[in-house]
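FYI, it's all coordinate maths here, none of it is from the lab. Just so we're clear, the structure is a prediction, and the values are computed from it rather than from any experiment. For neighbour counting, all protein chains shown are included, and Cβ atoms are generated from backbone atoms with ideal geometry for every residue, glycine included.
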């Protein structure tokens with residue numbers, strides 16, 4: 001029996017499950033991160049304390065986090081999605097915050113001069129200008145989440161990681177490849193997709209910066 | 001016993017960062033000097049980092065077998081991006097006036113690169129190495145999956161036996177290492193930037 005007959009159906013399910021994890025985790029993370037980022041940008045003095053603290057939490061390896069939640073929540077998809085969503089928050093939060101703060105002060109002044117209220121300035125001036133940065137954060141989070149969702153299989157929750165884990169454990173090369181290649185393709189294509197969205201919303205394409 | 005595992009982890013990270021600098025720095029210079037190769041080099045390093053870490057290690061394992069070599073190759077591929085990108089950006093964002101002046105003084109292309117451009121971009125390159133180091137500390141946790149040992153083995157054992165203490169001790173050690181590297185190297189970076197602007 002060839003590989004496709006044996007695992008084809010399972011592989012398609014795994015891709016679907018994997019994508020579902022990524023999609024729901026990133027959506028939840030995005031909403032939380034955007035809200036927190038906007039709130040923090042209103043009070044930079046608090047942000048200077050909160051952001052470094054979160055970046056320390058970010059160094060906790062995903063394995064541990066999923067493991068910890070597993071012990072407390074048990075083997076339900078919510079465990080994986082919660083862990084992944086928490087991890088997805090930080091890059092978006094940071095980029096939202098930095099994006100909002102780097103909006104040219106004079107533009108905000110001008111908006112105020114035009115008689116815009118605080119909320120209007122936020123939604124009609126600051127957020128649109130910070131959008132490329134926010135979407136940049138979304139891209140980083142999405143790519144990471146695809147990568148971390150591989151770990152979900154560690155606690156028996158399926159996804160493409162299952163193929164990789166079983167493949168490594170049983171020394172079955174075909175299974176490793178069957179898990180690794182689709183997850184790689186998923187990460188790369190989502191990254192390209194979000195990049196193209198980012199290009200469409202960028203006002204100034206001449207900006208550049210290092211990996212920070 | 002635990003010290004041995006921590007050292008093993010550090011050993012993996014050290015070799016990985018060493019090699020990714022040795023490979024990434026020339027690649028960054030290549031991208032800077034040869035325009036036709038630029039996109040290819042930058043995009044390839046980006047794609048490598050997009051691939052999930054465990055998937056990458058799994059695929060490297062197919063070629064090199066289980067063991068430390070696989071882990072180090074995987075980590076190098078994974079931490080190439082910050083080194084390559086920051087080398088390129090560091091070189092590319094040097095004040096054109098300085099490059100012009102060096103040319104005006106009659107320095108050849110390679111002289112300019114080694115005595116003017118690389119020293120000036122070094123702080124940026126170092127930032128790349130710092131990011132690569134901190135990332136490697138975290139990714140090296142997967143080493144245990146392909147037989148490379150390190151702190152991941154403790155964490156894994158903790159999860160498998162539902163031993164909270166073991167898991168926490170592994171995690172906290174790991175976090176401490178990552179944070180210490182980050183803070184220490186950020187400090188050096190700051191010193192360099194101060195000297196540069198002084």
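Taken residue by residue and averaged, Cβ atoms of other chains lying within 10 Å of the Cβ of B:41-52 number 5.
Against chain A, whose longest principal axis comes from its Cα atoms, helix A:77-101 is set at around 30 degrees.
Overall dimensions of the stretch A:14-79, expressed as equivalent-ellipsoid semi-axes from the Cα gyration tensor (√(5λ), whole Å, largest first), are 27, 17, 10. The mean number of partner chain beta-carbon atoms within 10 angstrom of a residue's beta-carbon across peptide B:121-131 is 1. Across every pair of non-identical alpha carbons in the stretch A:1-52, the mean reciprocal distance, once inverted, gives a Kirkwood radius of 14.1 Å. The angle between the Cα long axis of helix B:53-64 and the longest principal axis of the Cα atoms of chain B comes to about 90 degrees, rounded to the nearest 10.
With coordinates expressed along the principal axes, the C-alpha atoms belonging to the stretch A:8-201 extend over 67, 36, 21 Å, beginning with the largest. Summarised as an ellipsoid, the protein assembly as shown has semi-axes of 35, 28, 21 Å, derived from the eigenvalues of the Cα gyration tensor scaled by 5 and square-rooted, with the largest first.
For the segment A:180-188, counting C-beta atoms of other chains within 10 Å of every residue's C-beta and taking the mean gives 5. Highest mean packing first, where packing is the average number of other Cβ atoms within 10 Å per residue, the peptides A:5-16, B:94-105, B:15-26 line up as B:15-26, A:5-16, B:94-105. Coordinate range of the alpha-carbon atoms in chain B per principal axis, descending: 68, 39, 22 Å.
Using a Gaussian network model of chain A whose springs link C-alpha atoms within less than 10 Å, name the residue from A:158, A:179, A:167 with the highest mean-square fluctuation. Of the options given, A:167 has the highest mean-square fluctuation. Relative to the longest principal axis of the Cα atoms of chain A, the long axis of helix A:127-149 makes an angle of roughly 20 degrees.
As a length-normalised measure over Cα pairs under 8 Å and 6 or more apart, the relative contact order of the stretch A:8-201 settles at 28 percent. Taking chain A as a Gaussian network of alpha-carbon nodes connected by springs under 10 Å, the highest mean-square fluctuation of the residues A:19, A:123, A:65 belongs to A:123. Relative contact order, whole percent, for the stretch B:5-138 stands at 35, derived from Cα pairs under 8 Å and 6 or more residues apart.
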